[in-house]
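Asks: This is the structure, below, for whatever I ask next.
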Amino acid sequence: MFRFPFLALKTLLGALALLSTALSHPAAAQTSDPWRVTASTIDPKNYYGVTVANGMLGVVSAPEPFQVKSVVLAGAYDQYGRGRVSNFLNSFNLLNMYLEVDGRRLSGKDASNFRQELDMRRASLTTTFDYADKATIRYTYYALRHLPFTVLMDVSITAKKDLQLGAASVLETPDALRDAQNYYNEIDRPHVVLSLLTSSAKSPTGKLQLCASNTFLFEEPHGQEPRVIHEMWDNNMHLIKFGKALKAGQTYSYAVAGSSITSAHHQDPLNEAERLTIFARLEGKQRLLDFHAKAWDELWKSDIQIQGDAQAQQDVHSMLYHLYSFSRAGTDYSPSPMGLSGLGYNGHVFWDTDLWMFPALLVLQPDIAKSLIEYRFRRLEPARRNAFAHGYQGAMYPWESADTGVEETPVWALSGPFEHHISADVALAAWQYYCVTQDRNWLREKGYPILSATADFWASRVERNGPGHYDIKNVVAADEWAENVDNNAFTNAAAQVNLRNAAAAARLLGLKANPDWLLVAQNIPILKMADGTTQEHATYKGEGIKQGDVNLLAYPLNVITDPAQIKKDLAYYETRVPNEGTPAMTQAIFALLYARLGNADKAQLWFKDAYEPNLLPPFRVIAETKGGTNPYFATGAGGVLQAVLMGFGGLNITPTGITQSKTTLPTGWQSVKITGVGVQRKAYSVSR
């Protein structure tokens, strides 16, 4: 632990310096397009890819032509590698290709005018480049929103001279997988020939079977398509290819459609991968793109429109795009801190989902938010067993969760056995889902079982040392630098809220609440320092904090409501957050609270400080910390979006639904309009 004796003014000056640095950072592209992020200068050594995803399958870009860094599937875990716990798996890369012009295979060294553009409106990434004086090449790939396991790459080559084109689609088994099997099938029908390139492999322990299949989509009439040739290189790689002669001025187009699925998703993934690829092939490129666009148009009916800050508008769209991309309705999957952007944090689910991403999704996409709660509901029984193992009643959710719902925190991290506030975070999300949807059937069937079981946990977790002293001892705080402390402010307040919401849910359902819940809630202490500042924990002496803790009592917990107390706590703890090495959510809460308090300048300061110093080139993707290198940090995006929605937009999640309170826009903003809010798809506006 260490102390921060400096004054608030010094901290604000430091924050302003950071903002100046961020604005000069290469990631801060000079653009005002609300929907497109363009990378026209790409340095492969300083490149952080952007993810194209559909809530099930994520494709991460690379700086090399026709290469993709990785393909990640939600829900696919095996126990290997870091920490002896379940880890995300890279699936087969469906979109790695190569292109040859006059016998020369193109690489990044051959590409001039290389440019990549993320279209957030259509959830696509387009790459364009020139090859010498011979050709201009363009390709766009999509993780099709309406087909959760299917991707599409659309390619066009414009010949500047007569040339011979050679194109291949390559399936290579990722290093972590084993026992690869490769297949090639041609299915000949009177109106179409299907050439299926297929691979299957086992996960590291053999727990899962992972499969992928793809095929070319040609635009020529049947019988005039190029001849497809299959090549087997070794057990871990094979490909299909074709050749085509082009005349100067001719533009030739083709596409690749493919599907990737595992035995975590389907009992027969090998055949299903091929079936889904055949389905995509026979739908045809235009129908696939039309349905994909329609699905994203529907999602974007829930939007945030900002007047007065074009860069903030683009950045907020990027945050929404990533949260929408990393989750989907109709599942029981929940995103990890890095979503589908890679293997960060092993793909595990933390409080990052329930407290940071969930509220923004709930307000704008209740159907998607339902999937995140379904994830927790289906893992309620393992949470009960976890409580039992630790000597408690009810349900104790694990700090890190994967597919089974058991504790997946590596043993060297104390957060596994001690960061108990996660159970209250899950319960808060369940209560908020009811508040927004007013769905009492859901509350009875799924919400109340979560709320009551977690309330039972807290009633057994407290140590009853007399009135006002139902202490919660020996926890890791929300501020994770505070390990094995007593009466942590956030943990205690979240437990109070959990207990009260469980009692409220029982009343709504006409059930008899456990009378002990409210008794315990009113006797859990929230500590104060001598000057009246809320104390983070019993032994807290003013040291630096990793992330927000006390300030979360004002939002989202609403335990502290007095504006004077909120100001006092902000003034104290905003000077305790270091400039480096801390996650991005804390400053977003500062921005939110200052907007609600009417301080436009500080709302603007902390809004920018919440993410601009964390941006990485060339797509302004968010890292977890300032100067960090592990994008995409969806947790931070969720925090910033809450600052916009609940801070600048004034939205409140209440027991009777979504309401709007008077608030203040950041300095320089003229208006915010939020569309498609809640189940009734309402619109809310705030103007100066």
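Nothing in this text is a laboratory measurement; each read-out follows from the coordinates by a stated rule. Every value quoted in this text rests on a predicted model; they were computed, and no experiment measured them. Counting neighbours? That spans all protein chains shown, and the Cβs are built from the backbone with ideal geometry, glycine included.
Asks: Along the Cα→Cβ direction, 7 angstrom out, place labels at residue 113 and residue 329. What is the inter-label distance in nm?
Replies: If labels sit at residue 113 and residue 329, their model points lie 4.2 nm apart.
Asks: Give, in nm to one decimal, the length gained when the segment between residue 38 and residue 279 is fully stretched (0.36 nm per residue of separation minus the Cα-Cα distance).
Replies: Extending this stretch completely gives an extra 83.5 nm.
Asks: Residue 463 versus residue 105, label points 7 Å from Cα toward the beta carbon: distance in nm?
Replies: 6.5
Asks: To the nearest 20 debye, what is the magnitude of the charge dipole of the range 38-299 about its Cα centre, counting +1 on the Cβ of each Lys and Arg and -1 on the Cβ of each Asp and Glu?
Replies: The dipole magnitude comes to about 360 debye.
Asks: With θ taken as phi - 60° and the coefficients 6.51, -1.76 and 1.60, list the Karplus ³J(HN,Hα) couplings across the range 53-66 in order, rounded to whole Hz; mark glycine and proline as x.
Replies: 8, 10, x, 10, 10, x, 10, 9, 6, 9, x, 9, x, 6
Asks: Under 16 Å from the Cα of residue 69, which lysines turn up, not counting those fewer than eight places away in the same chain?
Replies: 45
Asks: For the range 485-493, what does the Karplus curve 6.51 cos²θ - 1.76 cosθ + 1.60, with θ = phi - 60°, yield as ³J(HN,Hα) per residue in whole Hz, taken in order and with x for Gly and Pro?
Replies: 10, 10, 6, 5, 4, 5, 4, 5, 5
Asks: How tilted is helix 421-437 with respect to the longest principal axis of the chain? Cα atoms for both, answer in degrees (0 to 90, nearest 10).
Replies: 80
Asks: Given 0.36 nm per residue, what is the gain on full extension from residue 681 to residue 414 after removing their alpha carbon distance, in nm?
Replies: Values: separation 267, 0.36 × 267 = 96.12 nm, distance 4.22 nm.
Working it through step by step, the gained length comes to 91.9 nm.
Asks: Let me ask another. Could you tell me how far the Cα centroid of the range 280-296 sits from the Cα centroid of the range 423-494, in Å?
Replies: Cα centres, the range 423-494 to the range 280-296: 44 Å.
Asks: Let me ask something else about it. Report, ordered by chain and residue number, the lysines lying within cross-link reach of residue 446, taken as a straight Cα distance under 16 Å and ignoring same-chain residues fewer than 8 apart.
Replies: 370
Asks: Right, something else. Report ³J(HN,Hα) in whole Hz for each residue of the range 73-81, in order, from the Karplus equation J = 6.51 cos²θ - 1.76 cosθ + 1.60 where θ = phi - 60°; Gly and Pro get x.
Replies: Per residue, the Karplus-derived 3J(HN,Hα) values read 10, 4, x, 9, 10, 8, 8, 7, x Hz.
Asks: Let me ask something additional. With runs of 4+ DSSP H residues as the only contributors, calculate the mean residue ellipticity of the chain at 222 nm using -39,500 (n - 2.57) per run, divided by the residue total and rounded to the nearest 500.
Replies: -9000 deg cm²/dmol
Asks: What do the square roots of 5 times the Cα gyration tensor eigenvalues come to for the range 392-551, in whole Å, largest first, as semi-axes of the equivalent ellipsoid?
Replies: For the range 392-551, the semi-axes come out at 26, 19, 14 Å.
Asks: Hey, another quick one. Order of 146, 421 from fewest to most other C-beta atoms within 10 Å?
Replies: Ascending number of Cβ neighbours within 10 Å: 146, 421.
Asks: Relative contact order, percent, of the range 38-299 when contacts are C-alpha pairs under 8 Å separated by at least 6 residues?
Replies: This gives 19 percent for the range 38-299.
Asks: Mind checking the alpha-carbon convex hull of the range 38-299 and giving the volume per residue in Å³?
Replies: Numbers: hull volume 34.6 nm³, N = 262.
For the range 38-299, the hull spanned by Cα atoms encloses 132 Å³ per residue.
Asks: Still on this structure, I have one more. How high is the relative contact order of the range 379-560? Use alpha-carbon pairs under 8 Å, at least six apart in sequence, and give a whole percent.
Replies: Numbers: 322 pairs, mean separation 34.7, N = 182.
19 percent.
Asks: Counting pairs of alpha carbon atoms under 8 Å apart in space and at least six apart in sequence, what relative contact order in percent does the chain give?
Replies: 14
Asks: Right, another one. Please report, largest first and rounded to whole Å, the three semi-axes of the ellipsoid equivalent to the chain, where each semi-axis is the square root of five times an eigenvalue of the C-alpha gyration tensor.
Replies: Semi-axis lengths for the chain are 46, 28, 22 Å.
Asks: Additional query: Sorted by mean Cβ packing within 10 Å, highest first, what order do the peptides 227-239, 71-83, 553-565 take?
Replies: Values: 227-239: 14.4, 71-83: 21.1, 553-565: 16.9.
In decreasing order of mean packing, 227-239, 71-83, 553-565 become 71-83, 553-565, 227-239.
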